[in-house]
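Novice: One structure is given below, represented as structure tokens, and several questions about it will come after.
No lab work stands behind these numbers, since they all come straight from the coordinates. Computed from a predicted structure; not experimentally measured. Glycine also receives a Cβ, built like all others from the backbone with ideal geometry; neighbour counts cover every protein chain displayed.
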Amino acid sequence: MMSLLQATPGTQYIVRDIITDDEDMDAFLFSLGCYSGEPITVNSHLKGGCVVTIKDGRYTIDKLLASAILI
């Protein structure tokens, strides 16, 4: 497994796990539709994180969130 920070842009992955002790972060990711078994695509990497597509939405997430999502 790897985090979103190592993902190849333009490739669709399946979320395998989300590693965080922060319940607010878990709830936020769940509200975006980001949870185990769901597809996620990294559109591009930025200095502070990456742009991802989850379901029909496009989001910019920071490095902390990106490192917590394992694919």
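Novice: Summing +1 for each Lys or Arg and -1 for each Asp or Glu, what net charge is found among the other residues whose Cβ lies under 15 Å from the Cβ of residue 36? Intermediate results must be reported in sequence, preceding the final value.
Specialist: On the way: positive: 16, 55; negative: 17, 26, 38.
The answer is -1.
Novice: Express the relative contact order of the range 4-70 as a whole percentage, based on alpha carbon pairs under 8 Å and six or more residues apart in sequence.
Specialist: On the way: 116 pairs, mean separation 25.5, N = 67.
Here the relative contact order equals 38 percent.
Novice: Additional query: Any idea what diffusion coefficient the chain gets from Stokes-Einstein, in µm²/s, Kirkwood Rh on alpha carbon pairs, 25 °C, 0.890 mPa s?
Specialist: Reported coefficient: 210 µm²/s.
Novice: Same structure, new question: From the backbone phi of the range 57-71, what are the Karplus-calculated ³J(HN,Hα) couplings (6.51 cos²θ - 1.76 cosθ + 1.60, θ = phi - 60°) in whole Hz, Gly and Pro given as x?
Specialist: Per-residue couplings from phi come out as x, 10, 9, 9, 10, 7, 4, 4, 5, 4, 6, 7, 8, 9, 10 Hz.
Novice: Using the Karplus curve 6.51 cos²θ - 1.76 cosθ + 1.60 with θ = phi - 60°, what ³J(HN,Hα) values do you get for each residue of the range 35-49, in whole Hz, with x for Gly and Pro?
Specialist: Taking θ as phi minus 60°, the curve returns 8, 3, x, 8, x, 9, 10, 8, 7, 6, 9, 10, 4, x, x Hz for the range 35-49.
Novice: What are the residues whose amide H is under 5 Å from the amide H of residue 15, where those residues sit 5 or more places off or on another chain and H is modelled from the backbone?
Specialist: 37, 38, 40
Novice: While we're looking at this one, here's another question. At what distance in nm do the modelled label points of residue 25 and residue 56 sit from each other, each positioned 7 Å from its Cα along Cα→Cβ?
Specialist: 3.0
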